[in-house]
């Protein structure tokens, strides 16, 4: 008996795809909660999160007989370094500032990635794009500055979040330039292996107590691998049934989830300036993603829109 065709039930597949993207956005919104709940320091969490993810993806590549070659590792090295920096700084940001503020700062990612990708392709950004980026930046500035301005640890956390966002842009652009030169699974496995190798000396130099980690932290580390990581898998699966414009809009919902979850589980309340600035930033970056998807008919361009909004973690 023949298996049903993939597109035999397009309405059902679209509904499942939309459900998958919504679940992914919710899962990403809990990244900061998981980081904050763990007792270990951010760099210790990053170390184990990197190596557990690298081991799982490498095992999948071996099972699929697409184990990364030395050439794939060489090609993936820049992206692996950027990914390591991105996740490390993002975890620090969640510890030093509120989860909602760190997530809102990360909302600049789609705007920066999409505009810079157009530069890489030799195209000029339109004045509408420039205006939307300015609006998104203004929204983030309102969140960061607030009524009295960031101070102490909150300022450090805001800086970590901004630098982490820039590191993700570097990761994405590095991946964009070489995506067609190596097998996808080989490349993904190589990126995570490089990231895990890079975080190792940094962890040892920082003197992180790897052996003294609280046993309960293994639960949080496992959840950090499975929950946000599972969200990425769901979105990649949903690409075939959900338009990139819709996926990008829903993905930005992780910021709302992060704010609500932080309020419930961490008692972190948002000020009115953070709410207003966050909405401004999210609406502007969502508009950029929608505009980019509508004028980019090629499969690669559509994939660009979807990938640009994926948060770290």
- Can you find even one residue in region 78-88 that is free of Cβ contacts under 8 Å to residues at least 40 places away in the same chain and in a helix (DSSP H, G or I)? no
- Please state which of the following conditions residue 1 fails to meet, knowing it meets all the rest: (1) farther than 15 Å from residue 241 by Cα; (2) outside any loop (DSSP other than H, G, I, E, B); (3) at pLDDT below 90. (2)
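Of all helices (runs of 4 or more DSSP H) completely enclosed by region 171-278, which ones contain at least 2 residues that are within 28 Å of residue 154 (Cβ to Cβ), modelled with pLDDT of 85 or more and in contact with a helix residue (DSSP H, G or I) (Cβ under 9 Å, 6 or more places away or on another chain)?
Answer list for region 171-278: 184-205, 217-238, 254-265.
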- Message: Could you go through region 93-101 and let me know if any residue there is under 19 Å from the mean Cα position of the chain (by Cα) and within 12 Å of residue 193 (Cα to Cα).
- Response: no
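The values are calculated or read from the model by the stated rules, or taken from the named source; none is laboratory data. Just so we're clear, the structure is a prediction, and the values are computed from it rather than from any experiment. So basically every Cβ, Gly included, is an ideal-geometry build from the backbone, and we count neighbours across all protein chains shown.
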